[in-house]
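Trainee: A single structure is presented below for examination.
The values are calculated or read from the model by the stated rules, or taken from the named source; none is laboratory data. This structure is a prediction, so every number in the text was calculated from the model and none was measured. Here the Cβ positions follow ideal geometry from the backbone for every residue, glycine too, while neighbour counts run over all protein chains shown. In case anyone asks, the SASA skips ligands and DNA or RNA and just uses the protein heavy atoms, side chains included. Shrake-Rupley method; radii C 1.70, N 1.55, O 1.52, S 1.80 Å.
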Amino acid sequence: QIPLWLDCDTGHDDAFAILLAAHGPSLRLLGISTVHGNASLEQTTHNTLSVLAAVGRPDVPVHPGAAKPFCRNAVHAADIHGVSGLDGTTLLPRPLSKPIMKPNAVLAMRHALMGQPEGTAWLVATGALTNVALLFATFPELVGHLKGLSVMGGAIGGGFTDAPMGHVKGQGERFGNWTRWAEFNIYCDPEAAESIFSNRKLAAKTTLIPLDLTHQVLATKKAQQTLLTGTTFTTSSTAAINLRQMFHDLLLYFAHTYSEVYGLTEGPPLHDPIAVAVLLEAIMGPIMRFADNGGERWHVNIVTDGLHSRHDEERGQVGRTVVTKSDHGGVRIPRSMEVES
Ligand code: BDR
Ligand code: CA
């Protein structure tokens with residue numbers, strides 16, 4: 001079994017990441033830390049506890065982390081995830097457990113991850129990177145102990161495709177999803193992101209799942225239907241039907257906002273569970289694998305100059321993910337993924 005800790009800002013796609021982390025084959029979810037992002041910390045924590053109740057894992061400890069970035073104000077994504085961060089269903093249960101305040105998120109992560117045999121545990125981050133940056137700044141020895149860090153974030157665009165101006169599927173000439181340049185998770189706390197990617201030892205253990213990849217894996221109408229009805233078996237249990245309906249409701253809401261805001265009508269990219277799927281690559285073998293052009297590696301830098309203002313996006317590129325090919329070390333950034341259907 002692969003031990004993992006999930007750090008998330010539970011919105012719609014984070015909910016799917018929790019489902020996979022909590023029930024994925026051979027995964028052992030040690031705990032979850034929550035962070036500001038899609039909604040306030042209080043709300044993302046509540047959403048996390050509700051989703052854990054829904055998927056039958058209220059035993060997973062949830063530790064609230066940072067409510068804001070290091071040196072900026074928090075930014076939330078109500079136009080994508082609704083004001084609650086998880087709008088669109090009436091089937092979310094009330095939490096069955098409470099958030100754990102002591103020890104705090106950073107201490108809890110360290111304790112859980114260091115408690116695993118060396119070279120086995122993963123940290124998966126699907127929100128703003130404030131907690132993760134604090135963790136490695138406080139406990140640098142954890143870098144050597146971990147098996148890997150998997151991050152959903154970034155929009156590479158031109159730097160990745162060698163095109164003069166890159167694009168992400170469905171995004172036209174812009175490759176960010178929050179500003180023209182920046183992906184949301186990185187934009188939320190660019191200084192935290194930069195501290196992670198500029199840490200050479202940590203970068204060498206990091207896999208980055210950017211929009212360039214997630215926009216190739218859309219939750220199409222067919223996938224939405226499969227979620228509701230399944231393919232290989234039918235179930236008569238009311239709990240299972242409700243759970244399918246709840247995730248289906250969430251997916252339809254997400255599909256709607258993606259279509260309204262980005263004009264992406266095929267279906268929304270389900271970003272966050274892909275960062276969890278990275279851990280399954282070793283055991284899923286040929287059924288699911290990520291293609292990274294023969295193991296290419298990248299130096300990643302984050303643009304941190306500029307104000308947190310959408311009006312600034314033409315002048316400043318704050319939160320932009322800039323990559324250069326590396327000969328030694330660097331971050332793994334899969335270009336695509338193959339899944340046998
Ligand atoms: C990321 O931003 C959030 O809104 C999603 O949950 C995902 O983690 C995609 O840019
Ligand atoms: Ca997220």
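Trainee: Looking only at the range 245-278, which residues are part of a helix (DSSP H, G or I), modelled with pLDDT under 95 and open to solvent by 10 Å² or more (accessible area, probe 1.4 Å)?
Mentor: Within the range 245-278, the first condition is being part of a helix (DSSP H, G or I), and the residues that meet it are 245-262, 271-278.
Okay, now just the ones that are also modelled with pLDDT under 95, so 258-262.
Residues satisfying the conditions are Ser259, Glu260, Val261, Tyr262.
Trainee: Is it the case that the range 86-97 has a residue that's part of a helix (DSSP H, G or I) and either under 30 Å from Ala239 (Cβ atoms) or in contact (Cβ under 8 Å) with a residue 12 or more places away in the chain (or both)?
Mentor: So in the range 86-97, the residues part of a helix (DSSP H, G or I) come out as none.
No, the range 86-97 has no match at all.
Trainee: Are there any helices (runs of 4 or more DSSP H) wholly within the range 3-83 with 3 or more residues that are touching a helix residue (DSSP H, G or I) at 6+ places or on another chain (Cβ under 8 Å) and buried (at least 23 other Cβ atoms within 10 Å of the Cβ), and if so which?
Mentor: 12-23, 41-54
Trainee: Of (1) free of Cβ contacts under 8 Å to residues at least 40 places away in the same chain; (2) touching a Lys or Arg at 6+ places or on another chain (Cβ under 7 Å); (3) not hydrophobic (A, V, I, L, M, F, W, C), Thr179 satisfies all except one. Which?
Mentor: (1)
Trainee: Next question, about the same structure. Would you be able to tell me the number of residues in the range 208-234 that are out of contact with any Phe, Trp or Tyr (no Cβ under 6 Å at 6 or more places or on another chain) and either crowded, with 21+ Cβ neighbours inside 10 Å or among the small types (Gly, Ala, Ser) (or both)?
Mentor: Going through the range 208-234 one residue at a time, the tally reaches 10.
Residue-wise test of (1) within 16 Å of ligand 1 (Cβ to nearest atom); (2) at pLDDT below 95; (3) more than 30 Å from Met284 (Cβ to Cβ).
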{"residue": "Ala17", "(1), (2), (3)": "yes, no, no"}
{"residue": "Ser33", "(1), (2), (3)": "yes, no, no"}
{"residue": "Glu42", "(1), (2), (3)": "no, no, yes"}
{"residue": "Asn47", "(1), (2), (3)": "yes, no, no"}
{"residue": "Val51", "(1), (2), (3)": "yes, no, no"}
{"residue": "Val60", "(1), (2), (3)": "no, no, no"}
{"residue": "Ala66", "(1), (2), (3)": "yes, no, yes"}
{"residue": "Arg94", "(1), (2), (3)": "no, no, yes"}
{"residue": "Ala112", "(1), (2), (3)": "no, no, no"}
